[in-house]
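The values are calculated or read from the model by the stated rules, or taken from the named source; none is laboratory data. Just so we're clear, the structure is a prediction, and the values are computed from it rather than from any experiment. Positions of Cβ are generated from backbone atoms using ideal geometry, with glycine treated the same way; all protein chains shown enter the neighbour counts.
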Amino acid sequence: MGCFFVWRGNVFGKRIGLIPRFATIRWLCMSLLMVLLAGCAASASPTEPAPTTLAPASTTLILWHGWSSVGRQTLGRLVDRFNQQHPSGRIILQSIPLASFDTDLRAALASGGGPHMVLMPNSWVGALAERGALLPL
């Protein structure tokens, strides 16, 4: 590795001369490390304990999909695994024929109901967003 030098000039009337560049980089890194460590220091004031919250009630989400038999079986296994691993939440699958999916979804949304989640073709997202049928997560 070659040694590069940086001219430092005069400090308090004294000529410093040439300082190896890696020493300058090391000095900058150490300064940055000291600033970061000072920011991580614990504060002197005591912290208040977090308020106790009750465990959320069980949540049930309805998921509509129009997948075929193989996709439906795979999705069913994934949802079953999720339901077993998350006892406070439950997903219920509802298979809707893809031919009537859009019509059924429009009717459900018009009546104020409908699923919480939908697996649908990407090309339908724009139309649903324009109608205000999608909610941000």
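Annotations
- Of all residues in the stretch 79-96, those that are modelled with pLDDT under 90 and over 22 Å from residue 135 (Cβ atoms) total 1.
- Residues in the stretch 52-108 that are among the hydrophobic types (A, V, I, L, M, F, W, C), outside any helix (DSSP H, G or I) and in contact with a Gly (Cβ under 9 Å, 6 or more places away or on another chain) were compared, and the one that is farthest from residue 137 (Cα to Cα) is 96.
- Residue identified as modelled with pLDDT of 70 or more, surrounded by 10 or more Cβ atoms within 10 Å (Cβ to Cβ), in contact with a helix residue (DSSP H, G or I) (Cβ under 6 Å, 6 or more places away or on another chain) and closer than 23 Å to residue 105 by Cβ among 71, 66, 76: 66
- Each residue in the stretch 76-94 was checked for being farther than 19 Å from residue 118 by Cβ and under 21 Å from the mean Cα position of the chain (by Cα), and 3 pass.
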